[in-house]
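Data block below; observations after.
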Amino acid sequence: MTLLRDGELAHAFDNASRTYDLLTRLNPGYRTDLLRSARRLRLPDEGAGLHLLDLGCGTGSSTRALLRAAPRARITAVDASAGMLARARAKAWPDRVSFLHLPAEEVAAHHGPFDAVFAAYLFRNVTDPDKVLAAVKGLLRPGGRLAVHEYSLSGAARHRAVWTAVCRGFVVPAGTLGGDRALYHHLWRSVLAFDQAPAFADRIERAGFSGVRIAPVAGWQTGIVHTFLARNGSTGAASPEVAR
């Protein structure tokens, strides 16, 4: 199966937006893991005076995690799917949270700079991850922080097997019941096709970020979902290390 890309993928997310929150609520740890990744940015003073970007905000779960991690920050949340964005906007938010309908690749041309960027479940869905990483680097202030929360397999055969079993047994059947089989089949296959965690960390480092770290999540998604942490700068960059 060919993976969904660009406008075709945005359209699939538009269609799935009505049931997306329900399905993610059935995933144990989904929101807890997003919050843990957002907190790993370690933003000072609850984000006071900072401007943060939630890149690929979907229906707003990642935005909510970022707001909880930095309740005093100003947050701009961006997504390419009008349907997902409409669901996010319909929720209750403080005035310092705003939403924009833009593809990730186009944000740099219109907005910034930001003190930190949070990108959840974004990079395996873009056609050119290197182009988006370059755009993110251009959006960040010097020393600005990046946290990527992403399905990126460890490389161990057991983690690939668990992911395939969960998708075949639950994710794709549940998505099919909602009329969105193509999107959830894309989810399954896109994870298998995407960089494994060490390779994605290398990709971030090649983009010019420093201090790249890989942090696992807990529960059944250990070895399947990781947080990738980095800074916008070139001082002291070393081989990726694992964060605890």
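Throughout, read-outs are computed from the coordinates displayed, never taken from laboratory work. Because the structure is a prediction, the values reported are computed rather than measured. A quick note on method: Cβ atoms are made from the backbone with ideal geometry, for glycine too, and the neighbour counts reach across all protein chains shown.
Observations, loosely collected:
- The trypsin sites (Lys or Arg not before Pro) of the range 45-82 that meet both conditions, a loop assignment by DSSP and at most 16 other Cβ atoms within 10 Å of the site Cβ, are ARG72.
- Kirkwood Rh in Å, taken over all unlike Cα pairs in the chain: 17.9
- Residues whose amide H falls under 5 Å from that of LEU100, counting only those 5 or more places apart or on a different chain, are ALA77, VAL78, ASP79, with hydrogens built in the peptide plane.
- Per-peptide average of other Cβ atoms within 10 Å, ordering 51-61, 186-196, 141-151 highest first: 51-61, 141-151, 186-196
- Taking 7 Å steps out from each Cα toward its Cβ at TRP220 and ARG5 produces label points 3.2 nm apart.
- Cα gyration tensor, the range 27-154 - rounded (a/c under 1.5), prolate or oblate: rounded
- ALA165-ALA48 pseudo-label distance in nm [points 7 Å out on the Cα-to-Cβ vector]: 4.9
- Sequence ranges 211-222, 117-128, ranked by mean other-Cβ count within 10 angstrom, highest first: 117-128, 211-222
- The alpha carbon gyration tensor of the range 1-58 gives principal lengths a ≥ b ≥ c with a/c of 1.5 or higher and a/b greater than b/c, which makes the shape prolate.
- Stretch gain in nm, segment ASP95-THR127, where the contour uses 0.36 nm per residue and the Cα spacing is subtracted: 8.2 nm
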